Amino acid sequence: MSRDFSNIIVVDLKKDKISVRTKKEVGGENEVEVGVLSVLGLDEKEITIAFNAKYLSDFLSTVTDDSITLKINRADSPALFLPGQADPETNVDSYGFRHVIMPVRISE
């Protein structure tokens, strides 16, 4: 999805949807909206967080589940990606595979 120039993927998290788009220095942007199954603890109306496309692609190419779980505290702290839909009662240690990605700073 992101190949030109910066290789940055921007994720806009909202209570009802997630928007994933590329951040290009020159030219237009590509954008896709994905439905959200559940949102727990999202106090803010929207969180925008950006990742290096390579690290996100590494995770997504490994996961075989139809859904993934994203756990974040803030847009400037590391994000935890888990395969499947996580139960809030489930301990993160019970997952066999975890992927932590540090966000990148963007100026918009």
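Structural remarks
- Förster-model FRET efficiency, 30 Å R0, D66 and V104, C-beta, rounded to 0.05: 0.65
- Of the residues S77, S57, S107, S67, the one with the largest accessible area comes first in the ranking S107, S57, S67, S77, computed with a 1.4 Å probe on protein heavy atoms.
- Between E33 and D12, the simple spin-label model (points 7 angstrom out along Cα→Cβ) gives 0.9 nm.
- Ranked order, L82, L60, L70 - accessible area, probe 1.4 Å, largest first: L60, L70, L82
The values are calculated or read from the model by the stated rules, or taken from the named source; none is laboratory data. Since this is a predicted model, take the numbers as computed values, not measurements. Here Cβ is always computed from backbone atoms with ideal geometry, including for glycine, and neighbour counts include all displayed protein chains. For accessibility, only protein heavy atoms count, side chains too; no ligands or nucleic acids. Shrake-Rupley method; radii C 1.70, N 1.55, O 1.52, S 1.80 Å.
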